[in-house]
Amino acid sequence: MSTFNILLTGWAIAFLSGNAFSQTTFATITGSVTDSSGAVVAGADITAINTETGIRTETKSNSKGVYLLSQLKEGSYSVQARAHGFKELIATNIELVARDARRLEVRLQVGDVGTTLEVSAGAALIETETARLSDTKNADILKSLPLNSRGMYAYLALTPGLIATTDGFTRVGGSGPNQISFAVDGTTMSDGVEGSSVGPLANYIESFQEVKVDMANNGAQFGTLGQITVISKSGTNRLHGSGFDYYITPFFRARNPFALVRQAGLFHTPGFSIGGPVFLPKLYNGRNRTFFFFSDEVSRGSTQTSILNPTVPLPNWRVGNFTGLAPIYDPSGSLPFADNQIPADRINAVSAKIQDRFFPLPNFGDSST
């Protein structure tokens, strides 16, 4: 193979792999720097500081006073603006979510460089930099909403425009089930066919920092109408953790109005999490640099967690006695079985054990019909 063919093959593998889906989740802050008269301020030093990790991102305003802080991880930030001959400006409580495009206009006031002016920016109620429609639920909301499940789909059902259908898929804006995609930290967890998520990743709520639903007008990096992005928690400068048990018992359940008794079964979902800076005494201090986070959730419960109401075989049918019904023909010949009774030696022993193990006897209503 020639060198050209080798390079061409490598290029095709790298850039044409259709199944290697991944998108960035980083946010940006942009805006313009002006003075009190509205004149642009070029060369101003702009610094974004993650208040949880202390990580700093720096840039300068250009000749038109415009600045751009990119590649910002989701979380809470403060932004500092400094320029010669102006008071320092600090904007605090800036909350960024996945792929957030936040506009923050900076207006500097003439004064002593050693003087600081602090303002609170807060969370953006409306994203003005893009036309997309989004809904974000952070860890505090996921933890406090009174739902009857710890799975992500119960939270998605609260988002306007999303519907959890009876076929087990989530649909957005009236679209088909294949017009929604799931991702964890930018890496897809969709099945690639019908838009459902793969594996149990959608159930580990304790490890979620936020769940963001983009419902319309997504960027070109997405091939579907809807995009659901899970952002994992990470460690911070503060050592923190949690412990919990999501407990379900018949005493806490309301009775289904069409059932005679409450749903049976006990269920536990215990778990814990811990995160913080990497710290090795006398060797390494990871504050503002290196962090860790770990969480674990398990499920425990009784063998019966719901009341089933299926139609099951009558006792006579279980042993091959179909007297009074339409003739049962011997598959090895053309004649019906005598008295419509399948001989015991013709019933597969394994099938009989499966029937006895998984199909209960009738226990409600008239068991003879």
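Ordering 64, 87 from largest to smallest accessible area (1.4 angstrom probe), what's the sequence?
Ranked list, largest accessible area first: 64, 87.
On the chain, 58 percent of the accessible area sits on carbon and sulfur atoms, based on a 1.4 Å probe. Round to a whole angstrom and tell me the spacing of the C-alpha centers of segment 41-88 and segment 131-153. Using only Cα atoms to place each centre, the spacing works out to 30 Å.
In this structure the amide hydrogen of residue 134, modeled in the peptide plane, comes within under 5 Å of the amide hydrogens of 215, none closer than 5 places in sequence on its chain. Distant-in-sequence amide contacts of residue 26, defined by a placed amide H-H separation under 5 Å and a gap of 5 or more residues or a different chain, comprise 99.
Only four residue types carry charge here, +1 at the Cβ of Lys and Arg and -1 at the Cβ of Asp and Glu. Report the dipole size of the chain about the Cα centre in Debye, rounded to the nearest 20.
520
Packing, taken as the mean count of other beta carbons within 10 Å per residue, orders the peptides 269-280, 208-219 from highest to lowest as 208-219, 269-280.
Projecting the Cα atoms of 203, 154, 298 onto the dipole axis of the chain, where Lys and Arg carry +1 and Asp and Glu carry -1 at the beta carbon, places 298 farthest toward the positive end.
What number comes out for accessible area per residue over the chain if the probe is 1.4 Å? Units Å², please.
I get 61 Å² per residue for the chain.
Converting phi to 3J(HN,Hα) with the Karplus coefficients 6.51, -1.76 and 1.60 and the offset θ = phi - 60°, segment 286-302 yields x, 4, 6, 9, 10, 9, 9, 8, 9, 9, 8, 9, 10, 10, 9, x, 6 Hz in sequence order, with x at every glycine or proline. The long axis of helix 349-358 is offset from the longest Cα principal axis of the chain by roughly 60 degrees. Note on segment 287-351: with charges restricted to the Cβ of Lys and Arg (+1) and Asp and Glu (-1), its dipole about the Cα centre is near 540 debye.
The values are calculated or read from the model by the stated rules, or taken from the named source; none is laboratory data. These figures come from a predicted structure and were not determined experimentally. Quick reminder, even Gly has a Cβ in these numbers, built from the backbone with ideal geometry, and neighbours come from all protein chains shown. Just so you know, the surface numbers come from the protein's heavy atoms only, side chains and all, with ligands and any DNA or RNA stripped out. Shrake-Rupley method; radii C 1.70, N 1.55, O 1.52, S 1.80 Å.
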